[in-house]
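Just so it is clear, none of the values below were taken in a lab; they were calculated from the coordinates. This is a predicted model, so every value here is computed, not measured. Glycine also receives a Cβ, built like all others from the backbone with ideal geometry; neighbour counts cover every protein chain displayed.
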Amino acid sequence: MAAFPDARWYVGETELTDATTELTRRLDEARSGGDEELTAFLADDLELLGRCKPAPDRLYQGVDLFPLPGVTPGCCGLLLSLPRATVLVCGDAIATMEHLIQGKVLPTCHDVELAQESFAEAIEIADLLILGRDNISFNPLRQLHTL
């Protein structure tokens, strides 16, 4: 993020609040433990996070924030409404093709049950999915012969 100093940085509001709280807690622990290296690292992260603003629901015409909580408390994707298809940038809500095919979420989720609900919503709404750690994929539950 530091490579783009003039960019507007957005984070989903829940994610921003949770990450700020967690980083502040960890920074306080590092300071009280006397870990100067970790203190500096976390202070830098907190400063970068402080430059972020809560993301609006609509980032641009046809580009909407799409809540996908579970992997983290405020995980969000981007929903792209195209004339003939709906694309969802999933992040780790659907991490890989293997997760998509098996209907599984990451085992390290903050809230596995909520992550599974978000996974189901992603599959319900999107024709195409851009996976968190993989490439773009057709939704296996839909047939798109008209794209």
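Worth pointing out:
- Exposure proxy order (Cβ contacts within 10 Å, fewest to most) of 136, 130: 136, 130
- Of 44, 111, 64, the one that fluctuates the most in a GNM where the chain has Cα springs shorter than 10 Å: 44
- The chain: most fluctuating residue of 132, 34, 70 per GNM, C-alpha cutoff 10 Å: 34
- Whole-number percent relative contact order across segment 52-126, with pairs defined as alpha carbons under 8 Å at least 6 apart: 28
- Segment residue 47-residue 86, length gained on full extension (0.36 nm per residue, minus Cα span): 10.5 nm
- GNM result for the chain, Cα springs below 10 Å: residue of 118, 32, 137 fluctuating most strongly: 32
- Taking a ≥ b ≥ c as the square roots of the Cα gyration tensor eigenvalues, the chain comes out prolate, since a/c reaches at least 1.5 and a/b is larger than b/c.
- Helices assigned as whole DSSP H runs in the chain whose Cα atoms extend at least 30 Å along their own long axis and whose mean Kyte-Doolittle hydropathy is 1.0 or higher are not found.
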